[in-house]
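Down below is the structure, laid out as structure tokens.
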Amino acid sequence: MRARSQEPCAARETRPSLTDDIELTLLTSRQEGTVNPFQSLSDAILAAFPALEPGDLVFAQAPNLAVGDVALRTFEPAKKLKLPPPQLATRLATEITYGPEVRAVTTAGPYVNFRLDRGVFGRRIVTQILAERERFGSRDSGKGKKALIEHTSINPNASPHVGRARNAMIGDSLVRLLRFDGYDVEVHYYVNDMGRQIALLVLACQDPSSLTFDQVLQIYVDANARAEAEPEFAAQGYDLLAKMEQGDADTKSRFHAITGLCLKGQLAVLARLGVSYDVFDHESDYIKDARLAQVLEALRAKDAVFTDQDERLVVDLSKIGHAPEEGRYFVLMRANGSSMYGFRDIAYTIDKSERGADINLSVFGEDHKLYAQQIALILEAAGKTAPETVYYSYILLKAGKMSTRQGKVVLLSEFLDEATALAAERVEEQCKDLAPEDRKIIAQNVAVAAVRFTILRVGPNKNVIFDWDTSLSFSGDTGPYVQYSCARINSILRKLGQDLPHPPVQFPTETDSEWALLVKLASFPDTVANAVQTRNCAPIAQYALDTARIFTAFYHDCPVLNADSETQRAARALLCKATHQTLCNALQLLGITAPERM
RNA sequence: GCGCCUGUAGCUCAGUUGGAUAGAGCAACGGCCUUCUAAGCCGUAGGCCGAGCGUUCGAAUCGCUCCAGGCGCGCCA
């Protein structure tokens, strides 16, 4: 499980030795798919109540540490044993012999509260994290499996705005998450290199070779305005599109010049965020896909496709399982024989589904919900499988929704520039002794953290109202706050010297601050597993934030370098290292790196 | 009109496989830098969890109805 170690520098660091009992605990808990530091407690209970199963015992944090170090609810097991919960709680507290690591057991109505030898559990938790390193948190649920994720896929017509970038950030984090959990992930980007809007842009760009990417947005805005005002101009666009589809070489190269320029520019901006792709699929390659004939045949067999009075080729989805009248019809081809976006997309979607991935996932804006359902119905009717979908809601401006056509946008590049400049000011003050190049890198890291964290922290199906001040803040609930706590840990470890001590047998971690941190660290694998299962990275961001906050409380309460004893110093140093490891693992999933100093 | 999503502190958001007193940040006010980075910490104040009804020993979390916002609903992509 550690064979996948990716850090080349990992071997250089001192590795704490493992005792056999801890290695054993790790292995058994791994096999069960849960890393449960409280397993010895549940084992004792299960031995006394054979009717119960491990899943019946839910350990949770007590409402506060004065009540107990860990709490057990009795509602579930009591139901199974047909006992009143408070009665079962009393029996669990009085009749069972727990190991020496349990110091006291009390009840509070239906709850059992355990007071523990925190050092024993703390040592287990820290040792496990330091043994698993950059793999800590992963359960390898995707081992030996493939995943295909398509995300971003924005029109190559302008610089991306932060609303579109939400797709890229969500998609990229899902890629990182699935890779972390063992999947072999291939990232796809669907290049929409044709269609009406691109045609208008091509019309408006006389000499593409003299253009820069940054100029395209204004040209695009103007072209759309013109198409609205002049029907002839709009008609020219359709004509050009038809020529493109018929394979006219000159038209094709004009399209490619523009879409290539735009794609390159877009990818450069996305790369600043740390987002990258493996495969680019071009829409124009799917115009005359052979598989479309099969789909049409299947639809005809179900009497679900017809040519309407305006000579359009239309699917009647009510014939293949679409109940409501709204969204019943799906147009495949225009009267002039040119295909619609959806028709080409069917071919592309089939193409993806035939690549043998165990998970086939697409990230779409919420505006695609009905559309994706329609495609899924058509695919199903043709005996194909539609991809799994993850949707996200729009980022709104105070003045309303963003619109590329109207130029009413906050550009991602603009946002990143602003964030980097602000971060650079802070780095200037804080890291005077560093070389300018190093300071620049730190500023860029902080900016990316601010931007990505702002977006990823929020649940994907929630609208976000974009606000410059909030998004550019580096204090409070932010990515830079998490980075900052990592920098503080690094500072301690740096001053401690090169080698980390071995975990002492006496592992003093008795204060509430230490214990709260340990419990939080131990819950990281659950957080990751939940994120994998729900395809949602937002809880990872929340976890990083909570952990950083709990660490900071520890940082203020518990001196490390000036600890009371050598063993306490060792235990706290290792706890710091374990926290740093866990935070880095969490941040990595969000596409954020923590600088050594900031 | 119909469908999907959302509604939690003044603002931005956590918390929902139902469980002990609903949590952070920002903004406000009051403290803390001869002690591991003040991008920080501590304290004060701030809540009919949109409204109502229901299910349950127990509801922010589940169900129904309403209200408000977002998105979508036949030759855009």
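Points to keep in mind about this one:
- Scanning the stretch A:306-329 for residues that are open to solvent by less than 20 Å² (accessible area, probe 1.4 Å), more than 7 Å from RNA strand B (Cβ to nearest atom) and in a strand (DSSP E or B) yields A:Val315, A:Asp316.
- Only listed residue being under 28 Å from A:Arg344 (Cβ atoms), open to solvent by less than 10 Å² (accessible area, probe 1.4 Å) and part of a helix (DSSP H, G or I), chosen from A:Ala165, A:Ala158: A:Ala165
- Per this entry, A:Ile359 is not counted among residues that are touching a Phe, Trp or Tyr at 6+ places or on another chain (Cβ under 9 Å), free of Cβ contacts under 8 Å to residues at least 40 places away in the same chain and either surrounded by 19 or more Cβ atoms within 10 Å (Cβ to Cβ) or under 18 Å from A:Tyr189 (Cα atoms) (or both).
- Filter result for A:Ala529 (assigned to a helix (DSSP H, G or I), closer than 23 Å to A:Val175 by Cα, open to solvent by 10 Å² or more (accessible area, probe 1.4 Å) and not polar (S, T, N, Q)): yes
- Set side by side, the residues A:Leu203, A:Leu240, A:Leu292 differ, and just one is more than 33 Å from the chain's Cα centre (by Cα), under 24 Å from A:Ile350 (Cα atoms) and assigned to a helix (DSSP H, G or I), which is A:Leu292.
- Any hit, the stretch A:357-367, residues being of a type in the set (Phe, Trp, Tyr) and assigned by TED's automatic domain parsing to the domain that holds A:Met194: yes
- Subset of the stretch A:442-458 [more than 6 Å from RNA strand B (Cβ to nearest atom) and either more than 15 Å from A:Ser413 (Cα to Cα) or open to solvent by less than 40 Å² (accessible area, probe 1.4 Å) (or both)]: A:Ile442, A:Ala443, A:Ala447, A:Val448, A:Ala449, A:Ala450, A:Val451, A:Arg452, A:Phe453, A:Thr454, A:Ile455, A:Leu456
- Test: A:Ala104 is free of Cβ contacts under 8 Å to residues at least 40 places away in the same chain, more than 8 Å from RNA strand B (Cβ to nearest atom) and either surrounded by 15 or more Cβ atoms within 10 Å (Cβ to Cβ) or of a type in the set (Phe, Trp, Tyr) (or both): no
- Every test in (1) crowded, with 22+ Cβ neighbours inside 10 Å; (2) within 12 Å of RNA strand B (Cβ to nearest atom); (3) not in a helix (DSSP H, G or I) is passed by A:Ile592 save one, and that test is (2).
- Residue selected from the stretch A:459-506 under the condition free of Cβ contacts under 8 Å to residues at least 24 places away in the same chain, part of a loop (DSSP other than H, G, I, E, B) and near RNA strand B (Cβ under 7 Å from one of its atoms), by the criterion surrounded by the most Cβ atoms within 10 Å (Cβ to Cβ): A:Ser473
- Out of A:Val185, A:Val221, one residue alone is at pLDDT below 90 and touching a Lys or Arg at 6+ places or on another chain (Cβ under 7 Å). It is A:Val221.
- Scanning the stretch A:385-413 for residues that are touching a helix residue (DSSP H, G or I) at 6+ places or on another chain (Cβ under 6 Å) and either free of Cβ contacts under 8 Å to residues at least 60 places away in the same chain or of a type in the set (S, T, N, Q) (or both) yields A:Thr385, A:Ala386, A:Thr389, A:Ser393, A:Ser413.
- Residue count for the stretch A:387-404, restricted to those that are more than 10 Å from RNA strand B (Cβ to nearest atom) and among the charged types (D, E, K, R): 1
- The lone criterion from (1) within 11 Å of RNA strand B (Cβ to nearest atom); (2) open to solvent by less than 10 Å² (accessible area, probe 1.4 Å) left unmet by A:Ser513 is number (2).
- Count of the stretch A:73-97 residues which are of a type in the set (A, V, I, L, M), near RNA strand B (Cβ under 10 Å from one of its atoms) and over 11 Å from A:Gly109 (Cα atoms): 1
- Pairs, first more than 8 Å from RNA strand B (Cβ to nearest atom) in the stretch A:185-206, second in a loop (DSSP other than H, G, I, E, B) and aromatic (Phe, Trp, Tyr), C-beta under 6 Å, six or more apart: A:Val187/A:Tyr277; A:Tyr189/A:Tyr277
- Residues located in the stretch A:359-376, provided they are over 15 Å from the mean Cα position of the chain (by Cα) and within 13 Å of RNA strand B (Cβ to nearest atom): A:Gly365, A:Glu366, A:Asp367, A:His368, A:Lys369, A:Leu370, A:Tyr371, A:Ala372, A:Gln373, A:Gln374, A:Ile375
- Where strands (runs of 3 or more DSSP E) fall wholly inside the stretch A:357-456, the ranges with 2 or more residues that are within 27 Å of A:Gln588 (Cβ to Cβ) are A:359-365, A:388-392.
- Residue ID - farthest from RNA strand B (Cβ to nearest atom), chosen from residues in the stretch A:427-440 that are modelled with pLDDT of 95 or more and open to solvent by 100 Å² or more (accessible area, probe 1.4 Å): A:Glu437
- Within the stretch A:67-84, residues that are farther than 20 Å from A:Phe38 by Cα reach partners that are modelled with pLDDT of 90 or more with beta carbons closer than 7 Å, at six or more positions or on different chains, in the pairs A:Lys80/A:Ala51; A:Lys80/A:Leu52; A:Leu81/A:Phe49; A:Leu81/A:Ala51; A:Leu81/A:Leu88; A:Pro84/A:Ala78.
- Evaluated against (1) of a type in the set (S, T, N, Q); (2) at pLDDT 95 or above; (3) within 19 Å of A:Tyr484 (Cβ to Cβ), A:Thr470 falls short on exactly one condition, (2).
- Among residues of the stretch A:535-552, those that are surrounded by fewer than 22 Cβ atoms within 10 Å (Cβ to Cβ), assigned to a helix (DSSP H, G or I) and more than 9 Å from RNA strand B (Cβ to nearest atom), counted: 1
The values are calculated or read from the model by the stated rules, or taken from the named source; none is laboratory data. Nothing here was measured: the structure is a model prediction, and the numbers come from that model. Using ideal geometry, Cβ is built from the backbone for each residue, glycine included, and neighbour counts are taken over all protein chains shown. Just the protein is used for accessible areas: all its heavy atoms, side chains included, with ligands, DNA and RNA removed. Shrake-Rupley method; radii C 1.70, N 1.55, O 1.52, S 1.80 Å.
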